[in-house]
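What follows is a set of notes on a single structure, which appears directly below.
The values are calculated or read from the model by the stated rules, or taken from the named source; none is laboratory data. Everything numeric in this text was worked out from a predicted model, so none of it was measured. Cβ placement follows ideal geometry from the backbone for every residue including glycine, while neighbour counts extend to all protein chains displayed. The area values use the complete protein model at the heavy-atom level, side chains included, leaving out ligands, DNA and RNA. Shrake-Rupley method; radii C 1.70, N 1.55, O 1.52, S 1.80 Å.
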There are 2 protein chains.
Amino acid sequence: MKSELTIGDVARESGVKVPTIRYYEQIGLLPEPPRTDGNRRFYDQKGLRRLAFIRHARELGFEVSAIRTLLALQDDPTQPCATADGIAKARLIEVEQRIASLMALKAELEVMVEECRHGRLAECRVIEVLADHGKCMHDHH
Amino acid sequence: MKSELTIGDVARESGVKVPTIRYYEQIGLLPEPPRTDGNRRFYDQKGLRRLAFIRHARELGFEVSAIRTLLALQDDPTQPCATADGIAKARLIEVEQRIASLMALKAELEVMVEECRHGRLAECRVIEVLADHGKCMHDHH
DNA sequence: CTACATCCTCTAGCGACTAGAGGAGCAAGC
DNA sequence: GCTTGCTCCTCTAGTCGCTAGAGGATGTAG
């Protein structure tokens, strides 16, 4: 376990691309790391963990502003966790709504694809359904 | 049924906002409509249908480039519909993958929220799970 | 005739990156 | 030492699909 990690090292280990790491630093999600004599960033295990935290949160769909709050909470563990819990709950609701919406779209796409008779476009269901919303059986949108 | 519709009329009837309609025109999704003496755009039922088509396709998550192709196909209905069918099928696969991914995230978020004991952050599951990906039971990401 | 809504063009901003230019540093092989 | 080639640096600009705002013209209702 190296103690001085280059930006490439942390990129490999965290799965976050090098330019994205620099971008996170630029927007203040990551602190400015120390530099070598040759002006290169170097990181320690703490920096790597912070980046892994960010990556995981991004994968879960949290916005950067939410991650900013979560990181601040992590930095001050004397705070009650109601805030973190609230952010997670809000995200859960978003995800549930997005799933419901996508399920409806899936059903609609399936009908379109299913009914396409592979003939001429004149009777193609894909075009037809898109052209006339009334032809789709769902009222979700 | 008016035959000369202002941009505001088609916005109301299609549910697409006025600046978005102008944007669609700018990127070539909509043809440049004729203008009144006072330089205002006016539309007919055909223009409104084209906009409704675009809106529905966007709601189904099709990208603008895909919609461009679908519109071209619609304009030339002698073409086989295999292309339209392919676009819809590709989108269906995307949607299915997105649903699967969101279901996994939902499960993970539920565990996080469920296990949060509403105590101090020191033992908050939300922060903890985010900080250590190994603590989450899914290997989807 | 005066408000006020709607329209026009134009430029710039959003989020979360991603790509590319142009140059400097570093490690390994010869 | 020297060259090759990879990684790093900064900076600007582009992506997608809009959205917001400035600053001005036009149309409509009372």
key: Label point 7 Å beyond Cα along the C-beta direction, distances from B:T83 to other copies (nm, shortest first)   = 5.4
message = Taking 20 °C and 1.002 mPa s as the conditions, I'd like the Stokes-Einstein D for segment A:28-108 in µm²/s, using the Kirkwood hydrodynamic radius from alpha carbon pairs.
response = 142
request  = Rounded to whole Å, how close does chain B get to the rotation axis onto A by Cβ? Give me the residue too, please?
outcome  = B:I99, 3
Longest to shortest principal axis, alpha-carbon extents of segment A:7-75, angstrom = 35, 21, 19
Phi to ³J(HN,Hα) by Karplus 6.51 cos²θ - 1.76 cosθ + 1.60 over segment B:106-113, Hz, x for Gly, Pro = 4, 4, 5, 5, 5, 4, 4, 5
inquiry  = Quick check for you: with a 1.4 Å probe and neighbouring chains kept, what is the accessible area per residue of segment B:7-79, in Å²?
reply    = 57
message = With the label 7 angstrom out along Cα to Cβ, how close does A:P33 come to the same site in each of the other copies, in nm, nearest first?
response = 5.4
remark   = With one decimal in nm and the nearest listed first, the spacings from B:T69 to its own position in the other copies, using label points 7 Å along Cα-to-Cβ, are 4.0
query = Ignoring ligands, DNA and RNA, what percent of the 1.4 Å accessible area of the protein assembly as shown is carbon and sulfur?
reply = 50
inquiry  = Projecting each Cα onto the charge dipole of the protein assembly as shown (Lys/Arg +1, Asp/Glu -1 at the beta carbon, about the Cα centre), which of B:I21, B:C81, A:I99 comes out farthest on the positive side?
reply    = B:I21
task = Could you tell me which of rounded, prolate or oblate describes chain B, using a ≥ b ≥ c as the square roots of the eigenvalues of the alpha-carbon gyration tensor, with rounded for a/c under 1.5 and, failing that, prolate when a/b is larger than b/c and oblate otherwise?
result = prolate
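Tell me, what is a quarter of the convex hull surface for the C-alpha atoms of the protein assembly as shown, in nm² with one decimal?
21.1
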